[in-house]
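Below is one structure, written out as structure tokens, with a few remarks after it.
The values are calculated or read from the model by the stated rules, or taken from the named source; none is laboratory data. Predicted, not measured: the structure shown is a model, and the values here were computed from it. All Cβ positions, even for glycine, are placed from backbone atoms using ideal geometry, and neighbour counts span all protein chains on display.
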Amino acid sequence: MSPIQFYRAFQSLMREHGIRHVLTSGMACVEYGIQQNTKDTDWIIHPEDLEKLVAMLCECERGLTGRNWRVSYRPLFGAPFLEAYHRGGWTTHIAIHDEPGSPEHHLDFFGKPPRLHGDEWLPESGGIASRNVVAQMKKTDRAKDWPFVNGLAIQSCIAGDHVGLLHLRELVILQQNWSRLDEATRAPLRKVRPLLDQLASMKEPSLERLLLIEQSIWECINRERYRIYQQEWKDFYRRWQRDAVGEWPTAEPFEIQHQHLREAVARFRLPPAPIAPEPTRKAIYQKGIARTVALTAATPQEIAKVAMPLESILP
């Protein structure tokens, strides 16, 4: 199957198994018409439904559903399909061969997606995540993701969804749309994105600079967040390797791989929620701000004009 054919078949299976989910990230951007192609699919899954997902994958690998998939964890850092880990912000990465000789389909699963509040995606369950949800998830430390953030925001504004102003990068369009809003509509938006308050009082070159500083804050804080998960995985994996784990993932069936990983994270202490403590999130936030200042030479006044609340970027 092609990547699009596979994702649609996979989504249909999840619906049949009662797994609450939405499609997000690159493939969602393909469906919204702002990305040409991608080989990977990203899914937000309700943490309570992860056991259903594992059972579905095992059924497909055993051929019990008429399918004969090859399912495997991928050699990336990431947690097993366990509720505690997904509620703690971990991601799970798997690969599937849906038929002999087929390309390898890469799937990433989020139970508590970065930069999203709670289950705000849940009303969209069973389909494609909203442009707002996808844009929020695309605010990563990768420069290649930011044009998609802007594209999704433009589409939202054209559709009359004012939430798109939280993500829009095109200054002229941003000013035009902001000027049309009444104060009651503006208030909750400016609380999340302080830069919006500067649109009427500052000139274009200064506003363009603030947009760059704002993006750098997102990138730097996300990088600091990512590093914590990456380091926790590396430390865990070293402890696991000392017990002669050998090559990971193994060539065993997915059900056995999953059991190995479940046992390993318990025995060799992979923390379920590395950034849950509020002091940890505050430290990540401050490190990201400090890195932005170092990279952009931003002044304290400029940072104050664009820095989003901690709960917006590290909910």
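Take the residues of region 53-108 that are among the polar types (S, T, N, Q) and either over 24 Å from Ala266 (Cβ atoms) or in a loop (DSSP other than H, G, I, E, B) (or both): which is modelled with the highest pLDDT?
Asn68
Within region 135-149, is even one residue touching a Pro at 6+ places or on another chain (Cβ under 7 Å) and surrounded by 20 or more Cβ atoms within 10 Å (Cβ to Cβ)?
Yes: one or more hits.
Among residues belonging to region 66-117 that are farther than 26 Å from Asn132 by Cα and free of Cβ contacts under 8 Å to residues at least 24 places away in the same chain, point out the one that is surrounded by the fewest Cβ atoms within 10 Å (Cβ to Cβ).
Gly101
Considering only region 118-129, I want to know if a residue exists there that is more than 13 Å from the chain's Cα centre (by Cα), part of a strand (DSSP E or B) and more than 30 Å from Phe268 (Cα to Cα).
Yes: one or more hits.
If I ask for residues that are closer than 20 Å to Arg209 by Cα and in contact with a His (Cβ under 8 Å, 6 or more places away or on another chain), which ones from region 139-176 would you list?
Lys139, Val149, Asn150, Ala153
Between a first residue in region 31-52 that is closer than 21 Å to Arg20 by Cβ and free of Cβ contacts under 8 Å to residues at least 60 places away in the same chain and a second residue that is assigned to a helix (DSSP H, G or I) and of a type in the set (Asp, Glu), which pairs have beta carbons less than 7 Å apart while being 6 or more apart in sequence or on different chains?
The qualifying pairs are Glu48/Glu83.
Could you run through region 15-30 and say how many residues are more than 19 Å from Phe148 (Cα to Cα) and either acidic (Asp, Glu) or free of Cβ contacts under 8 Å to residues at least 60 places away in the same chain (or both)? Steps first, answer last, please.
At the first step, the residues of region 15-30 found to be more than 19 Å from Phe148 (Cα to Cα) are 15-21.
Remaining after also requiring either acidic (Asp, Glu) or free of Cβ contacts under 8 Å to residues at least 60 places away in the same chain (or both): 16-19.
So the count comes out to 4.
How many of the residues in region 212-236 are touching a residue at least 60 places away in the same chain (Cβ under 8 Å) and more than 12 Å from Thr292 (Cβ to Cβ)?
The total comes to 6.
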